[in-house]
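S.K.: Got a structure for you, written out below as structure tokens; questions coming shortly.
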Amino acid sequence: MKLKHNPPYKQCTQHKQCGFTLIELMITVAIIGILAAVATAVFMPYRQKTALAAGLASAHSIRASILTYAATARHGAFPDAHELTTWLQLTQICNLNGSDLPADPEKIGFQNWLSYSPIDSYDDGIINDFSLVLRLSMASRETPGAQLHITPREIIKETY
């Protein structure tokens, strides 16, 4: 009596179709879907941390440019309220004083929104302090650092 040896794979002949069964394909797609969901969940916090770090680096550049502007162009005075109401005005002031900000704030992760408040601490008509608030577009509102509050002394990470 002769034993027949069946190989672990199907042999294709001219009369039979070879390929994967539907259940094999469905299991493969399900496994890939699960792996993609896990990878996305793990990846998102790193993406947000990267956006926060890039925003903070840009905020340091903006702060340094405004300090340079005050020291060179205005003899120690910061911009008036009407000089800094839009992102375009911010880029003009900063780019003339050492920054390289794009015209579109989304390119560096900021929303097209800012709040600038000049402060005259000594009531002498010279703006010697300021508060500039920028919001990051890639961070959720509850994340510390989603809103950056820039002053001449520091940059504060806030939520909004």
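Rule-based calculations on the coordinates, nothing more; no lab input. Quick caveat, the model's predicted, so the values are computed rather than measured. With ideal geometry, Cβ positions are generated from the backbone for all residues, glycine too; neighbour counts draw on all protein chains shown.
S.K.: Once you put a point 7 Å from the Cα of residue 151 and another 7 Å from the Cα of residue 85, both along the Cβ direction, what distance in nm separates them?
M.R.: 2.6 nm
S.K.: Give me the Å³ per residue figure for the convex hull around the C-alpha atoms of the chain. Intermediate results must be reported in sequence, preceding the final value.
M.R.: Numbers: hull volume 30.6 nm³, N = 160.
Per residue, the Cα convex hull of the chain comes to 191 Å³.
S.K.: Please arrange 58, 115 by how many other C-beta atoms lie within 10 Å of their C-beta, fewest to most. All intermediate terms of the calculation are to be shown ahead of the outcome.
M.R.: Values: 58 22, 115 13.
Fewest to most other Cβ atoms nearby, the residues stand as 115, 58.
S.K.: Let me ask another. Which ordering of 123, 104 is given by a fewest-first count of other beta-carbon atoms within 10 Å? Don't jump to the answer; show the numbers that get you there.
M.R.: On the way: 123 6, 104 12.
Final ranking by Cβ density, sparse to dense: 123, 104.
S.K.: Moving on. Suppose each label sits 7 Å from its Cα in the direction of the beta carbon; what would the residue 50-residue 117 distance come out to in nanometres?
M.R.: 3.5 nm
S.K.: Using a 10 Å cut-off around each Cβ, can you sort 67, 134 from fewest to most neighbouring Cβ atoms? Before the final figure, lay out each step's value.
M.R.: Numbers: 67 15, 134 23.
Neighbour counts put them in this order, fewest first: 67, 134.
S.K.: Ok, one more. Figure the gain on full extension for residue 28 and residue 106 (residue separation times 0.36 nm, minus the Cα-Cα span) and round it to one decimal in nm. Before the final figure, lay out the partial values.
M.R.: Numbers: separation 78, 0.36 × 78 = 28.08 nm, distance 3.82 nm.
Taking 0.36 nm per residue and subtracting the Cα distance, the gain is 24.3 nm.
S.K.: Looking at 35, 125, 61, which one has the Cα that reaches farthest to the positive end of the dipole of the chain (charges on Cβ: Lys, Arg +1; Asp, Glu -1)?
M.R.: Checked the options; the winner is 35.
S.K.: Within a Cβ distance under 14 Å of residue 79, other residues only, what is the Lys/Arg minus Asp/Glu net charge?
M.R.: Working: positive: 63, 74; negative: 80, 83, 120, 129.
The answer is -2.
S.K.: As a test of the formula, what do you get for the chain when each DSSP H run with n ≥ 4 contributes -39,500 (n - 2.57) and the sum is divided by the residue count, at 222 nm and rounded to the nearest 500 deg cm²/dmol?
M.R.: Values: 2 runs with 60 residues, N = 160.
The per-residue figure over the chain is -13500 deg cm²/dmol.
S.K.: Let me know the charge dipole size of the chain about its Cα centre in debye, to the nearest 20, where only the beta-carbon of Lys, Arg (+1) and Asp, Glu (-1) is charged. Don't skip to the end; give the middle numbers.
M.R.: Values: 13 positive and 13 negative charges, 360 e Å.
Charge dipole of the chain: 1720 debye, to the nearest 20.
S.K.: Report the relative contact order of the range 52-158, percent, no decimals, based on alpha-carbon pairs under 8 angstrom and at least 6 residues apart. It would help to have the intermediate numbers written out before the result.
M.R.: Details: 186 pairs, mean separation 26.2, N = 107.
Answer for the range 52-158 is 24 percent.
S.K.: For a test of the definition: using alpha carbon positions, the gyration tensor, and the 1.5 limit on a/c, classify the range 83-160 as rounded, prolate or oblate. Present the calculation step by step, with values, prior to reporting the outcome.
M.R.: Numbers: a/c = 2.34, a/b = 1.31, b/c = 1.79.
In terms of gyration-tensor shape, oblate.
S.K.: Pairing the Cα long axis of helix 22-72 with the longest principal axis of the chain, what angle in degrees results, from 0 to 90 and rounded to the nearest 10?
M.R.: Long axis of 22-72 versus the principal axis of the chain: about 10 degrees.
S.K.: Which residue, chosen from 108, 93, 45, occupies the Cα position most advanced towards the positive end of the dipole of the chain, where the dipole is computed from +1 (Lys, Arg) and -1 (Asp, Glu) charges on Cβ about the Cα centre?
M.R.: Farthest towards the positive pole: 45.
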